[in-house]
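Engineer: Let me give you the structure first, and then I'll get to my questions.
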Amino acid sequence: MNCSKEKFNAISFFTGAGGLDLGFEAAGFDVKLSIDIMLESCRSLRHNFPNKLVFGPPDFSGNINELTPDLILKMSKLKRGEIDLMIGGPPCQPFSMAAAQRFLKSDENFKRKGFECDQKGQLIFSYTELIVALKPKVFLIENVPGILSIDGGSGIKVVYDTLTKAGYTVCTPFILDAKDFGVPQNRRRAFVIGTLSGNKITAPHPTHSSEPSLLFQAHTTVSQALFGLNDQILNTEIRDHKASSVNRYKGLKFGEREKLGRVDRLDPRKPSKTVIAGGSGGGGRSHLHPYLARTMSVRECARLQTFPDKFVFLGKNGRQFTQVGNAVPPLLAEVLARRILECEYKIKFKAPYTFRSPDVSIETADKALLKKSVKEHPELLYSDVKSMGLCSNHKCKKKLGFNFI
């Protein structure tokens, strides 16, 4: 919590499940209005933020192209000059290599679509127009790093120039990797932040590294993120897998991809690969569990994204994965929110971050995850886990220091 009790008004666009909202509210912002076009995301937002005003289905389309500045002010109950912050991440698929790489390189879909070829790519310009019209004191744009290079950088230059002409001091776009701030996941994202005050919002300093020292903590790992997880928590349902799929998965090594299903086995002692949203049609996807030859549950993916366990994702299972994968990790959002408050309002923070993973050593977490996997689903263990000598007899368990009861 910040040392000041003052709350700063914010409006959230392209809110999704609310990862940005969670982080910014934890730092001291009051999100007055959240806007999204996806029905399931709006249901999740209304469930988890019962007092939040959500503009989106089923009562409204949630399309920002149908919003006027006056309507936004009316819904948020704010006047011009009272908006301290606008935050949003326009849909990133037109700029994402991760999305493009779902297709074969010979497929025309492999190339990133960019600003001109895709209707979603135009939404960043709609968002920019609303920033200019509403004049928030600070704005934030979040997207995949590809937004800075697609079309030779011409599109983002238009955004940059438009906002500068409108009176904003716009920071040089910077790229952050979520794992360098305690998120148990490799996730690189680009950020553009601007202020009307003339203050420059510089990139926050990393707190975690693969080489821990007096200045850096060790990267948070998959096993640390999953520590203490149990099936009493919502969204922990596991998908049924065909026996043929499980058998293919069982031969994978840590970090290896199963090519037919295009899924990766996670390494328990490293940050996760980027949590993905899956197809826009609702076919959500996830990576494979480190010790069990199955895909991760929605809750396990949410842990990798630093969502709190009390946050519930609604809708069909595939759309739950979409909500999780599209989100900004709440912990990274909180880091950015604190940075904005430090640079813009000179607010100092002393308390630990709200959304950090469980405080447990890598060794303890890894051993606990392995023990839980062996105990609960021995039939799903990978071949290399079985080769460790893990079996049902007491000597094998004792050899690894396990004491199953």
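The numbers here are math on the coordinates, done by the rules we state, and not lab data. In this text, all values refer to a predicted model and were calculated from it rather than measured experimentally. FYI the Cβ positions are ideal-geometry reconstructions off the backbone, even for glycines, and counts take in every protein chain you see.
Engineer: With a cut-off of 8 Å between alpha carbons and a minimum separation of six or more residues, what is the relative contact order of the chain in percent?
Structural biologist: Computed value for the chain: 17 percent relative contact order.
Engineer: Counting Lys and Arg as +1 and Asp and Glu as -1, each charge on the Cβ, what is the dipole of region 262-375 about the Cα centre in debye, to the nearest 20?
Structural biologist: 240 debye
Engineer: State, as an integer percentage, the relative contact order of region 150-253 based on alpha-carbon contacts under 8 Å between residues 6 or more apart.
Structural biologist: 19 percent.
Engineer: Sort all Cα-Cα distances of the chain into consecutive 10 angstrom bins from zero, then give the percent of pairs in each bin up to the one containing the longest distance.
Structural biologist: Taking all Cα pairs of the chain, the binned fractions are 5, 22, 32, 25, 12, 5, 1, 0 percent.
Engineer: Another question, then. Please list the non-local residues whose amide H lies under 5 Å from the amide H of Phe55, H modeled 1.01 Å from N, same-chain partners needing a gap of 5 or more.
Structural biologist: Those qualifying (amide H under 5 Å, at least 5 residues apart or on another chain) are Ser34, Ile35, Asp36.
Engineer: Turning to a different aspect of this structure: Where does the charge balance sit around Val31 when Lys and Arg score +1, Asp and Glu -1, over other residues with C-beta under 14 Å from its C-beta?
Structural biologist: Taking every other residue near Val31 into account, the sum is -2.
Engineer: When ranked by the protection proxy of mean other Cβ atoms within 10 Å per residue, highest first, what sequence do the peptides 372-383, 189-200, 314-325 form?
Structural biologist: 314-325, 189-200, 372-383
Engineer: Work out the charge dipole of region 180-305 with +1 on the Cβ of Lys and Arg and -1 on the Cβ of Asp and Glu about the Cα centre, then indicate which of Ala190, His205, Ala293 is farthest towards its positive end.
Structural biologist: Most positive-ward Cα: Ala293.
Engineer: May I pose another question? What is the local net charge at Gly325, summed over the other residues whose Cβ is closer than 12 Å to its Cβ (Lys, Arg +1; Asp, Glu -1)?
Structural biologist: +4
Engineer: So if I place +1 on the C-beta of Lys and Arg and -1 on the C-beta of Asp and Glu, and nothing else carries charge, what would the dipole magnitude of region 238-305 be about its Cα centre? I want it in debye, nearest 20.
Structural biologist: Roughly 120 debye for region 238-305.
Engineer: Name the residue, out of Glu344, Glu211, Glu142, whose mean-square fluctuation peaks in a Gaussian network model built on the chain with Cα pairs under 10 Å.
Structural biologist: Maximum among the listed residues: Glu211.
Engineer: Tell me, how many Å apart are the Cα centres for region 149-170 and for region 178-205?
Structural biologist: Their Cα centres are 17 Å away from one another.
Engineer: Right, here's the next one. Kindly write out, for region 189-198 in residue order, the coupling ³J(HN,Hα) from the Karplus curve 6.51 cos²θ - 1.76 cosθ + 1.60 (θ = phi - 60°), rounded to whole Hz, with x marking Gly and Pro.
Structural biologist: Once θ is set to phi - 60°, the couplings for region 189-198 become 9, 9, 9, 10, 10, x, 10, 7, 6, x Hz.
Engineer: Sticking with this one: Given a 10 angstrom Cα cut-off, can you work out which residue in Phe24, Phe313, Phe49 is the most mobile in a GNM of the chain?
Structural biologist: Phe49
Engineer: A further question follows. Running a GNM on the chain with Cα contacts under 10 Å, which residue among Leu214, Leu229, Leu341 ends up with the highest mean-square fluctuation?
Structural biologist: Leu214
Engineer: Rank Ser272, Gly153, Leu73 by how far each Cα sits towards the positive end of the charge dipole of the chain (+1 on Lys, Arg Cβ; -1 on Asp, Glu Cβ) and give me just the farthest.
Structural biologist: Among Ser272, Gly153, Leu73, the one farthest towards the positive end of the dipole of the chain is Ser272.
Engineer: Among Leu369, Ile347, Pro358, flag the residue with its Cα farthest along the positive direction of the charge dipole of region 326-391, charges on Cβ as +1 for Lys/Arg and -1 for Asp/Glu.
Structural biologist: Of the listed residues, the answer is Ile347.
Engineer: Let me spell out the model: positive unit charges on the Cβ of Lys and Arg, negative unit charges on the Cβ of Asp and Glu, origin at the Cα centre of the chain. What dipole size does that give, in debye rounded to 20?
Structural biologist: In debye, rounded to 20, the chain gives about 1080.
Engineer: Which net charge results for the neighbourhood of Ser383, defined as the other residues with beta-carbon distances under 15 angstrom from its beta-carbon, given Lys and Arg at +1 and Asp and Glu at -1?
Structural biologist: +2
Engineer: Give the peptides 130-137, 165-172 in descending order of average Cβ contacts within 10 Å, highest first.
Structural biologist: 130-137, 165-172
Engineer: Now for a separate question. Can you flag which of Lys270/Lys372; Lys74/Lys179; Lys253/Lys375; Lys253/Lys371 are past 30 Å Cα-Cα? The partial results should precede the final answer.
Structural biologist: Values: Lys270/Lys372 18 Å; Lys74/Lys179 39 Å; Lys253/Lys375 21 Å; Lys253/Lys371 19 Å.
Pairs exceeding 30 Å: Lys74/Lys179.
Engineer: Quick one: 3J(HN,Hα) in Hz for region 32-47, Karplus 6.51/-1.76/1.60 with θ = phi - 60°, rounded, Gly and Pro as x.
Structural biologist: 7, 8, 10, 10, 8, 9, 8, 4, 5, 5, 5, 5, 5, 4, 5, 5
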